[in-house]
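So the structure is just underneath, and the comments pick up after that.
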Protein chains: 2
Amino acid sequence: MHSLYALRSGFMKSCVLHEDGREQVAGFHMMGDLMGMDAIGSNQHLCDSIALEDSDVCDIPLTDLETLSREIPSLQQHFHRIMSREIAHDYGVMLLLGSMRAEERLAAFLLNLSQRFAARGYSSTEFHLRMTREEIGSYLGLKLETVSRTLSHFQTEGLLAVQNKHLRILKIEALQELVGQHSCRS
Amino acid sequence: MHSLYALRSGFMKSCVLHEDGREQVAGFHMMGDLMGMDAIGSNQHLCDSIALEDSDVCDIPLTDLETLSREIPSLQQHFHRIMSREIAHDYGVMLLLGSMRAEERLAAFLLNLSQRFAARGYSSTEFHLRMTREEIGSYLGLKLETVSRTLSHFQTEGLLAVQNKHLRILKIEALQELVGQHSCRS
DNA sequence: CCTGCAGTTTGACGCAGATCAAATCAGAGG
DNA sequence: CCTCTGATTTGATCTGCGTCAAACTGCAGG
């Protein structure tokens, strides 16, 4: 606590915990992501971060970061930008959870993964899902059966090819269209 | 843009916009809240903030805040704490949208309002809802009819007294229990 | 190679909440 | 006081997704 964590390599999830023991996946993190920004205000992390494959994490003491920020304005700005992006991202997730149907949620999720892999120099159309269907479901506010069914459905429609955890996007435009549409709800 | 906004008095909502024109309420703000923290990273506000009653807003240029932060460590820490709290709050909303049923969502919403009024010196059990049922629904990922029905249901159960937009909480423990329970989903 | 287990797929069924519709209510303006 | 309009309530019906159940797959350990 009172540190931030930079993910240098690997893949992780963060989970929010309920008082009653139930938990929900709040996000997936990959190389370069900064984690733990929820804890600055409360001295206590709301999330557990759990590695989904061998990962390398760098501990950043908050006091060091704040001291350096005062001396290096560009670092300060960068840090603020990162926190802000986290907030903006969360708004996107709220939108997703609050007003999208299962197909749209999954399409948005896959497109987001795709973009993030692309930004890191990996293929944007073919990658490995490191998380289980249940974890995807938890993140998207769906049950694992619904995730599985929706993936199968996308496959029969020819939008993607799924083989266990390996995934290939065949019609990225169709997925984008799905997300843009908002055929119903809210 | 490139300013933050402190709400000095009044009551506002912020809405996230879809590409396709649809919008969702991302949060409600009252006296003392800081708004616009989603825009630091992107140079562009994702949200429109709209006053729900006469409000008084104070513009805080980001560059000023950053300059002052460098000189006054306690201000810097305070700012970081506020951003962090926003992130933590968003995680709470994600939990709510992803894994709670209608009754639990509404109970959580009312309890949150109650706490915030209390923190500002107003009654924690009797207050005016400044937003419409539709806005509540949008925030909670429900339709206005469901919000209305659930409020009615709470009323017949004796948990609260609702008269149009005026609300009185009668059994706060019962509401808290509802939120803690998590009888189903996810 | 066999076994066990966690993860996944698929089907059948039920329900919470969306949708459609209509009646009522409250406040603003004349 | 009356009218108009947007907000709210309430009912009836529909449906997407959750729930329950069963079979299948792939991998790790013996």
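Numbers at a glance
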quantity: Odd one out for B:Val162 among (1) over 29 Å from A:Arg85 (Cα atoms); (2) near DNA strand D (Cβ under 9 Å from one of its atoms); (3) assigned to a helix (DSSP H, G or I); calculated: (3)
quantity: Filter result (among the aliphatic types (A, V, I, L, M), modelled with pLDDT of 95 or more and in a strand (DSSP E or B)) within region A:17-46; calculated: A:Val25, A:Ala26, A:Met30, A:Leu34, A:Met35
quantity: Tabulated pairs, region A:132-155, first within 14 Å of B:Gly98 (Cβ to Cβ), second assigned to a loop (DSSP other than H, G, I, E, B) and among the polar types (S, T, N, Q), C-beta under 9 angstrom, 6+ apart or interchain; calculated: A:Gly137/B:Ser186; A:Ser138/B:Ser186; A:Gly141/B:Ser186; A:Leu142/B:Ser186; A:Lys143/B:Ser186; A:Leu144/A:Thr132
quantity: Complete set of residues in region B:29-82 that are surrounded by 14 or more Cβ atoms within 10 Å (Cβ to Cβ) and at positive phi; calculated: B:Gly36
quantity: Scan of region A:165-174 for residues that are assigned to a helix (DSSP H, G or I) and either within 15 Å of DNA strand D (Cβ to nearest atom) or hydrophobic (A, V, I, L, M, F, W, C) (or both), ordered by number; calculated: A:Ile172, A:Ala174
quantity: Test: residue in region B:144-153 that is more than 12 Å from chain A (Cβ to nearest Cβ), among the charged types (D, E, K, R) and part of a strand (DSSP E or B); calculated: no
quantity: Any chance A:Ser124 is over 19 Å from A:Asp33 (Cβ atoms), surrounded by fewer than 19 Cβ atoms within 10 Å (Cβ to Cβ), out of contact with any Pro (no Cβ under 8 Å at 6 or more places or on another chain) and small (Gly, Ala, Ser); calculated: no
quantity: Residue in region A:141-154 that is within 14 Å of the chain's Cα centre (by Cα), more than 12 Å from DNA strand D (Cβ to nearest atom) and under 26 Å from B:Arg105 (Cα atoms) present; calculated: no
quantity: Single unsatisfied condition, B:Gly180 versus (1) within 13 Å of DNA strand D (Cβ to nearest atom); (2) within 14 Å of chain A (Cβ to nearest Cβ); (3) not hydrophobic (A, V, I, L, M, F, W, C); calculated: (1)
quantity: Within region A:130-140, considering residues that are within 12 Å of DNA strand D (Cβ to nearest atom) and among the charged types (D, E, K, R), the one farthest from the other protein chains (Cβ to nearest Cβ); calculated: A:Arg133
quantity: Tally of residues being more than 10 Å from chain B (Cβ to nearest Cβ) and without any contact (Cβ under 8 Å) to a residue 60 or more places away in the chain across region A:73-104; calculated: 3
quantity: Identity of the residue in region B:150-184, on the phi > 0 side of the Ramachandran plot and within 13 Å of DNA strand C (Cβ to nearest atom), that ends up modelled with the highest pLDDT; calculated: B:Asn164
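The values are calculated or read from the model by the stated rules, or taken from the named source; none is laboratory data. If you're wondering where the values come from, they're calculated on a predicted model, not measured in any experiment. Ideal geometry is used to build each Cβ from the backbone, glycine not excepted, and the neighbour counts take in all protein chains shown.
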